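In what follows, a single structure is set out as C-alpha cells and then discussed.
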Amino acid sequence: MARLVLLAVILCAQIAACSTSPKQIDLNQTQRNAAWIKHKSELDSIKHWQLQGRFSAQNETESWHGSIQWSQDQNQFAIHISGPLNSGSFSLHGNARSATLELAKDKIFQAPDPELLLETYTNLRLPVKNLRYWVIGLPSPDSDTRSTLNKNGLLGHLSQKNWEISFKNYQKINNLRLPNKIFLENHEFDVRLVIKNWQISS
C-alpha cells in the first residue's frame, strides 16, 4: 500500500512538472530567417540607448574588470568603466570624428580614433566602433560578417573584424529582445559583458 502511495506521489509530481514546464518548440530555419529580418528592422530603428552592467577583459599579461555604463545617441557615445575602488577607471566619449579619454588624476587625452586612443593609454583593445552595434545584437554594417541565428531567430554567434562574438542570453526590454550576456574574443583578448539594465528609444 505504501508503495502504491509513493508511486502515485511520483506520478503526480511528474504530471505537475510537465504542466509547468511545457516543451519549447524551436523555429525552423525559414521561420528563424523571417524572425531575424523583423527583429533586425526593429533594432535598426533604435537611435538612443543606455546600458549598465559588468565588464571584464583579459589578455596573457593584464586584466580589467568593473562596472560599465554606456550611452549611445546616434554617433555620440559615452563609456565609463569603473574598477574596484576606482582602480583602472576611465571614461571614453566622443563621436565619429574624435574621442576623449579621461583617466585618473585628471589625465585627459584626445585622438580621432577611440580604439587606438584607448589602447595607447590603457593597453585595452576594445572594438568601440563595432561594439556599439554588437551590444544590441546587430552586426556592424561596415564590414563582412558570418553569423548564426539561435532557435528564436536572434543572433547566436557572429564573426566580424577578427572578433568572435557569442550572444549567450537575451532579455525582453519594451517588447524587444536585447542581449544581456555577450562574450567576445580574438587572438589576444577575451571580453565579457553582462548587462543588467537597458534604456532604449527610437
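Looking only at the range 151-167, count every residue that is without any contact (Cβ under 8 Å) to a residue 60 or more places away in the chain, in a loop (DSSP other than H, G, I, E, B) and surrounded by 14 or more Cβ atoms within 10 Å (Cβ to Cβ) and tell me the total. Total meeting the criteria: 1.
Any residue at all in the range 67-76 that's crowded, with 16+ Cβ neighbours inside 10 Å, more than 15 Å from the chain's Cα centre (by Cα) and outside any strand (DSSP E or B)? Steps first, please.
Start the filter on the range 67-76 by keeping residues that are crowded, with 16+ Cβ neighbours inside 10 Å, which leaves 68-72.
This time we only want the ones that are more than 15 Å from the chain's Cα centre (by Cα), so: none.
No, the range 67-76 contains no residue that is crowded, with 16+ Cβ neighbours inside 10 Å, more than 15 Å from the chain's Cα centre (by Cα) and outside any strand (DSSP E or B).
Which residue out of 121, 133 is surrounded by 17 or more Cβ atoms within 10 Å (Cβ to Cβ), outside any loop (DSSP other than H, G, I, E, B) and of a type in the set (Ser, Thr, Tyr)? Only one candidate passes the filter, namely 133.
State yes or no: is residue 97 part of a loop (DSSP other than H, G, I, E, B), under 26 Å from residue 61 (Cα atoms) and basic (Lys, Arg)?
Numbers: part of a loop (DSSP other than H, G, I, E, B): yes; under 26 Å from residue 61 (Cα atoms): no; basic (Lys, Arg): yes.
The answer is no for residue 97.
Go over the candidates 102, 62 one by one and state the one that is over 26 Å from residue 46 (Cβ atoms), in contact with a Phe, Trp or Tyr (Cβ under 9 Å, 6 or more places away or on another chain) and in contact (Cβ under 8 Å) with a residue 12 or more places away in the chain. Outline the logic, then answer.
On the way: 62 fails: in contact with a Phe, Trp or Tyr (Cβ under 9 Å, 6 or more places away or on another chain).
Testing whether each residue is over 26 Å from residue 46 (Cβ atoms), in contact with a Phe, Trp or Tyr (Cβ under 9 Å, 6 or more places away or on another chain) and in contact (Cβ under 8 Å) with a residue 12 or more places away in the chain leaves just 102.
Residue 144 - would you say it is closer than 19 Å to residue 33 by Cα and loosely packed, with under 13 Cβ neighbours inside 10 Å? Here the answer is yes, as residue 144 does meet what is asked. Residue 170 falls short on exactly one of the conditions (1) hydroxyl-bearing (Ser, Thr, Tyr); (2) surrounded by fewer than 14 Cβ atoms within 10 Å (Cβ to Cβ); (3) in contact with a strand residue (DSSP E or B) (Cβ under 7 Å, 6 or more places away or on another chain), and that condition is (2). Output the residues belonging to the range 89-98 that are without any contact (Cβ under 8 Å) to a residue 24 or more places away in the chain and either hydroxyl-bearing (Ser, Thr, Tyr) or surrounded by 12 or more Cβ atoms within 10 Å (Cβ to Cβ) (or both). The answer is 89, 91, 93, 94, 95, 96, 98. Taken together, 126, 138 contain a single residue that is within 19 Å of residue 55 (Cβ to Cβ), out of contact with any Ser or Thr (no Cβ under 8 Å at 6 or more places or on another chain), assigned to a loop (DSSP other than H, G, I, E, B) and not hydroxyl-bearing (Ser, Thr, Tyr), which is 126. Residues in the range 124-150 that are among the β-branched types (Val, Ile, Thr) and without any contact (Cβ under 8 Å) to a residue 12 or more places away in the chain: 148 only.
Readers should treat all values here as calculations from the given coordinates under stated rules, not as data from a laboratory. Note that this is a predicted model, so its numbers are computed, not measured. Please note: Cβ atoms are built from the backbone with ideal geometry, for glycine as well, and neighbour counts cover all protein chains shown.
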